[in-house]
1. When both residues are 6+ apart or on different chains and their Cβ atoms are under 8 Å apart, which pairs have a first residue that lies in region 120-149 and is without any contact (Cβ under 8 Å) to a residue 24 or more places away in the chain, and a second that is in a loop (DSSP other than H, G, I, E, B) and open to solvent by 60 Å² or more (accessible area, probe 1.4 Å)?
2. Please enumerate the residues belonging to region 38-67 that are charged (D, E, K, R), open to solvent by 80 Å² or more (accessible area, probe 1.4 Å) and touching a residue at least 12 places away in the same chain (Cβ under 8 Å).
3. For region 19-37, enumerate the residues that are within 20 Å of residue 111 (Cα to Cα) and open to solvent by less than 20 Å² (accessible area, probe 1.4 Å).
4. If residue 86 satisfies every condition in (1) closer than 21 Å to residue 27 by Cβ; (2) open to solvent by less than 10 Å² (accessible area, probe 1.4 Å) but one, which is the exception?
5. Out of everything in region 8-39 that is of a type in the set (A, V, I, L, M) and within 18 Å of the chain's Cα centre (by Cα), what residue ends up being modelled with the lowest pLDDT?
6. Just to be sure before I move on: is residue 125 basic (Lys, Arg) and surrounded by fewer than 17 Cβ atoms within 10 Å (Cβ to Cβ) in the structure I sent?
7. Need pairs with beta-carbon distance below 9 Å; first residue closer than 18 Å to residue 59 by Cβ and among the β-branched types (Val, Ile, Thr) and within region 103-119, second in a helix (DSSP H, G or I) and open to solvent by less than 10 Å² (accessible area, probe 1.4 Å); sequence gap 6+ or separate chains.
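The values are calculated or read from the model by the stated rules, or taken from the named source; none is laboratory data. On a predicted model such as this, the values are computed, not experimentally measured, just so you know. Cβ atoms come from the backbone with ideal geometry, glycine included; neighbour counts cover every protein chain shown. Keep in mind that these areas ignore ligands, DNA and RNA; they rest on the heavy atoms of the full protein, side chains included. Shrake-Rupley method; radii C 1.70, N 1.55, O 1.52, S 1.80 Å.
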Amino acid sequence: SIYMSLTAPQTGPIGGEWAIIGLARNNYNVEDGYYEKYIANTENYVKKLKGVLNTETGYKYTEYSRIILAFTALGEDVTSISGYNFLEKLSDMDNVCRQGTNGPIWALLAFDSGNYDIPKNKENKSQTTREGLITEILEKQLDDGGWDIADVEADPDMTAMALTSLA
């Protein structure tokens with residue numbers, strides 16, 4: 001199984017949060033300490049980056065959402081990951097929407113995963129709200145009825161993510 005090959009779960013889309021979410025939500029019988037390894041590796045990653053998650057292509061606020069989803073699936077506190085409140089990281093709507101359609105979809109999923117309140121944006125920038133996220137997602141719906149990361153022609157993946165977030 002893929003789980004058996006993931007001996008050191010870490011932050012990231014491959015072998016990271018998606019695996020943790022799937023295993024945790026399905027109550028998969030993992031070896032002792034498996035989830036703790038993921039938590040420790042993620043906290044070390046966040047600490048090393050001083051709470052500012054980014055990639056070579058710029059900031060990806062979906063990383064915050066992905067980690068919130070994984071920590072929520074594990075019953076962990078998302079307001080203190082190496083001392084950083086990941087909910088606050090998604091409180092600026094402009095930042096959340098930087099990635100196009102993906103940003104608001106995953107932010108809404110993250111906030112709803114734990115029925116979390118959206119923190120007030122401390123820097124008085126554009127405040128994220130559930131209504132704002134929903135509006136942003138709906139405005140990205142294409143004429144063919146679906147969604148696409150490039151806003152060109154609907155694809156099943158983005159359409160499924162958009163509908164899941166709106167549900």
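1. Filtered contacts from region 120-149: 142/151; 142/152; 142/153; 144/153.
2. Matches in region 38-67: 47 only.
3. 20, 21, 24
4. Among (1) closer than 21 Å to residue 27 by Cβ; (2) open to solvent by less than 10 Å² (accessible area, probe 1.4 Å), residue 86 violates only (1).
5. Here the answer is 14.
6. When the stated conditions are applied, residue 125 passes them.
7. These pairs meet every condition: 105/65; 105/133; 105/137; 105/158; 105/162; 105/165.
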